Amino acid sequence: MKNFLHLPERFVRVFVMATTPNTILTLTALLVAGCATQNFEQPASLGADLQTRASVAPSWTQPDAKAIDAQALHAAAATALPNPLNEVDAVAIALDASPSIAKMISQTNALRAEAIEISTPSNPVLNFNSGVPLDSMSAVPIFAMLMFQIDELWKQPLRSEVARGNYQSALLSLGASAVALAVETRLAWHEVAMRSEERNFAQNDLQITENLLAMARERLAVGESTGDVVAKSQAELNDAHHRLMQAREMLSAAQLSLMALLGRAEASTDWRTGAPDSSSAFAIHAPIADEQKLLSTLANSRLDVRAAQAQANAAKSKVELARKSRSNKLDLGAGFDRDMEGDQSAMFSASVELPIFNNGSARIDKAEAELQTANIEAERVRQVAIIELRGAMLKAVSMQEKHDISAENSLAPSAEKFKRAQLSAQAGEGSRRDAIDAQHALNHAKLELNDLERQRRTARLALAKAAGFLPAEVMP
């Protein structure tokens, strides 16, 4: 039993002595490489891009941020919104409490872990054989062999590039979705703000038509008017009631749409909009930039375009991996052997796969086809982005013109007419009825312009979204 009891110590000593220095260095390098931790960016690395494009860095981009889980989302759903709700706060809440973004973050983290595993070299294999002596005179045979897939030395870096490219594409896609959500939140916030103005104008219109109806009835009672005038005033009042009900309905619908983006499905709707954000204010009110200037920055400003290109880069690395994988699987090993007679020796082993049936050409063809597909998809995404930008540019210019024409040809004359009628009534030269009629016309002009302003803001923010929501100094 003496040999058996001292087996571990003798095995280690003899195995190290039997291996050559070059073998030791090679195996050590392989083992270190296999154990090395791969550095892949966390979703938190998107903080700078989001701060630039959305003017908000969500909490999950901060160091040591806690994961957004279902329990946190469930609790957030019933959390009351700030009152008033500022635009920048709405964007921050959306990015922190949106179930769709939380889902993408979780999926991206899973892809990151998968990418790290894929890019990590395979572990070495230790084969060890021994036995148990049946009597004190028997010897214990020992065989130990450490094997490693040596072709991983030139395949693993490419495998890592493929994994990194795929993950980078997923990371950029997460960023693109976050930027899109930020802009959609701004659109919804301004929709609520403009619908609130519309409701206020509709309430004012109702008050004006009530005054007109009361005045018509008074004049009818003293014989200064007719029943047709009263009927007309009654119809205007009914229209004003309908307009107010519709405005309230549209405001509530806009609030719920915004709350859905904010992950506040169960929260109260008893809140109002507060201060706008300077970033969107610039995008809405600044002169529209030159189309070619925006197109020239599209490849870098649109994260979805960059994500598609990252996917194409990963496919290119996959082609190189397929080509280098034509060199067949090669395993090398070194070990120690002691036979029944006690003779000891160092063992070396090599195994190679013979390309008799599969020479890897089909694998290369597949990788090249996938590269072509990825390049086509990257070009498709780029062209879609260009069309979106050009279409958004046309819409923004058109809505700006409609808004300006209405302000000049409808609102301005109505305001001037009301001012004259009001002064005339105060001087006793005109009737109070004419002043109220002018006020009614002015209120309708404001309602029309408010609707055009809402559409104009929507078009301008859509243009900012199509351009990648660039920093304020270069934003359209």
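The values are calculated or read from the model by the stated rules, or taken from the named source; none is laboratory data. Fair warning: this is a prediction, and the values are worked out from it, not measured in the lab. Using ideal geometry, Cβ is built from the backbone for each residue, glycine included, and neighbour counts are taken over all protein chains shown.
In the list G263, G175, which residue meets the criterion of being small (G, A, S), closer than 30 Å to I284 by Cα, in contact with an Asp or Glu (Cβ under 9 Å, 6 or more places away or on another chain) and in a helix (DSSP H, G or I)?
Values: G263 fails: in a helix (DSSP H, G or I).
One residue alone meets the criteria, G175.
Please determine, by comparing only the residues of region 198-233 that are of a type in the set (S, T, Y) and surrounded by 17 or more Cβ atoms within 10 Å (Cβ to Cβ), which one is nearest to the chain's Cα centre (by Cα). It would help to see each step written out before you state the result.
At the first step, the residues of region 198-233 found to be of a type in the set (S, T, Y) are 209, 225-226, 233.
In the following step, the residues that additionally are surrounded by 17 or more Cβ atoms within 10 Å (Cβ to Cβ) were identified as 209, 225, 233.
On the way: T209: 48, S225: 64, S233: 52 Å.
Ranking the candidates gives T209 first.
Inside region 143-162, can you point out the residues that are crowded, with 18+ Cβ neighbours inside 10 Å, within 31 Å of the chain's Cα centre (by Cα) and either in a strand (DSSP E or B) or modelled with pLDDT of 85 or more (or both)?
Answer for region 143-162, where residues must be crowded, with 18+ Cβ neighbours inside 10 Å, within 31 Å of the chain's Cα centre (by Cα) and either in a strand (DSSP E or B) or modelled with pLDDT of 85 or more (or both): L158, R159, S160, E161, V162.
Would you mind finding the one in G223, G274 that is out of contact with any Cys (no Cβ under 9 Å at 6 or more places or on another chain) and more than 23 Å from E198 (Cα to Cα)? Spell out the reasoning first.
On the way: G274 fails: more than 23 Å from E198 (Cα to Cα).
From the options G223, G274, the qualifying one is G223.
Determine, yes or no, whether I284 is over 24 Å from A75 (Cβ atoms) and outside any helix (DSSP H, G or I). Spell out how you get there, then give the answer.
Details: over 24 Å from A75 (Cβ atoms): yes; outside any helix (DSSP H, G or I): no.
No.
Kindly indicate whether any position in region 135-142 is out of contact with any helix residue (DSSP H, G or I) (no Cβ under 7 Å at 6 or more places or on another chain) and outside any loop (DSSP other than H, G, I, E, B). If you could, list the steps in order and put the result at the bottom.
Quick first cut of region 135-142, residues out of contact with any helix residue (DSSP H, G or I) (no Cβ under 7 Å at 6 or more places or on another chain) only: 135-138, 141.
Now narrow it down to the ones that are outside any loop (DSSP other than H, G, I, E, B): none.
Within region 135-142, not a single residue is out of contact with any helix residue (DSSP H, G or I) (no Cβ under 7 Å at 6 or more places or on another chain) and outside any loop (DSSP other than H, G, I, E, B).
Just checking, does region 299-309 include any residue being surrounded by fewer than 16 Cβ atoms within 10 Å (Cβ to Cβ) and either not in a helix (DSSP H, G or I) or not polar (S, T, N, Q) (or both)?
So the first thing to find is which residues in region 299-309 are surrounded by fewer than 16 Cβ atoms within 10 Å (Cβ to Cβ), and the list is 299-300.
If we keep only those that are either not in a helix (DSSP H, G or I) or not polar (S, T, N, Q) (or both) as well, we get 299.
Yes: one or more hits.
Restricting to region 222-233, what's the tally of residues that are assigned to a helix (DSSP H, G or I) and in contact with a helix residue (DSSP H, G or I) (Cβ under 6 Å, 6 or more places away or on another chain)? Before the answer, list the steps.
So the first thing to find is which residues in region 222-233 are assigned to a helix (DSSP H, G or I), and the list is 227-233.
Adding the requirement that they be in contact with a helix residue (DSSP H, G or I) (Cβ under 6 Å, 6 or more places away or on another chain) leaves 229-230, 233.
Of the residues in that region, 3 qualify.
Residue-by-condition table, conditions (1) modelled with pLDDT of 90 or more; (2) out of contact with any Lys or Arg (no Cβ under 9 Å at 6 or more places or on another chain); (3) among the aliphatic types (A, V, I, L, M); (4) not in a helix (DSSP H, G or I):
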{"site": "L73", "(1), (2), (3), (4)": "yes, yes, yes, no"}
{"site": "T79", "(1), (2), (3), (4)": "yes, no, no, yes"}
{"site": "N83", "(1), (2), (3), (4)": "yes, no, no, yes"}
{"site": "V91", "(1), (2), (3), (4)": "yes, no, yes, no"}
{"site": "L95", "(1), (2), (3), (4)": "yes, yes, yes, no"}
{"site": "I105", "(1), (2), (3), (4)": "yes, yes, yes, no"}
{"site": "A110", "(1), (2), (3), (4)": "yes, yes, yes, no"}
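Please determine, by comparing only the residues of region 321-373 that are free of Cβ contacts under 8 Å to residues at least 60 places away in the same chain and acidic (D, E), which one is surrounded by the fewest Cβ atoms within 10 Å (Cβ to Cβ).
Restricting to residues being free of Cβ contacts under 8 Å to residues at least 60 places away in the same chain and acidic (D, E), the top hit is D343.
What are the residues in region 238-260 that are in contact with a Leu (Cβ under 7 Å, 6 or more places away or on another chain) and either within 12 Å of T185 (Cβ to Cβ) or among the hydrophobic types (A, V, I, L, M, F, W, C) (or both), if any?
Hits for region 238-260 are A240, L244.
Whether any residue in region 130-145 is of a type in the set (V, I, T) and under 30 Å from H444 (Cβ atoms) is what I want to check. Before the answer, list the steps.
Looking only at region 130-145, we keep the residues that are of a type in the set (V, I, T), and these are 132, 140, 142.
Checking the rest, the ones that are also under 30 Å from H444 (Cβ atoms) come to none.
Checked against the condition, which is being of a type in the set (V, I, T) and under 30 Å from H444 (Cβ atoms), region 130-145 yields no hits at all.
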